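Engineer: For reference, the structure I am asking about is given below.
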Amino acid sequence: MKMVRFTALERAAMRQRFTALERAAMEGRVAEVRRLVRRGADVDGRNEDEDGHTALHVAADYGQVEVVKA
């Protein structure tokens with residue numbers, strides 16, 4: 001069995017009901033967004049709260065223009 005290692009960002013996102021991709025998008029971490037997408041992050045994944053936003057929505061809501069462009 002292969003052990004999966006999570007980054008601090010991924011662990012924080014799991015605790016806060018965001019996907020790691022949403023958390024990276026929220027914080028404007030373009031390199032991390034790209035890394036997560038390369039690793040297979042679901043770009044259409046929805047967060048667990050009532051709004052159901054994707055990482056793209058979150059980036060736009062937080063004014064993270066560079067993440068939106070990525």
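The values are calculated or read from the model by the stated rules, or taken from the named source; none is laboratory data. Owing to the predicted nature of the structure, the values given are computational and were not obtained by experimental measurement. All Cβ positions, glycine included, derive from the backbone under ideal geometry; neighbour counts span all protein chains shown. Each accessible area value is taken on the protein alone, full model and side chains, heavy atoms only, with ligands, DNA and RNA left out. Shrake-Rupley method; radii C 1.70, N 1.55, O 1.52, S 1.80 Å.
Engineer: Just to verify a result, which residue in the stretch 31-48, among those that are open to solvent by less than 30 Å² (accessible area, probe 1.4 Å) and out of contact with any Ser or Thr (no Cβ under 6 Å at 6 or more places or on another chain), is modelled with the lowest pLDDT?
Structural biologist: Asn47
Engineer: What pairs come up if the first residue lies in the stretch 42-70 and is among the acidic types (Asp, Glu), the second is at pLDDT 85 or above and not in a helix (DSSP H, G or I), and their beta carbons are under 7 Å apart, counting only those six or more places apart or on different chains?
Structural biologist: Glu66/Gly28
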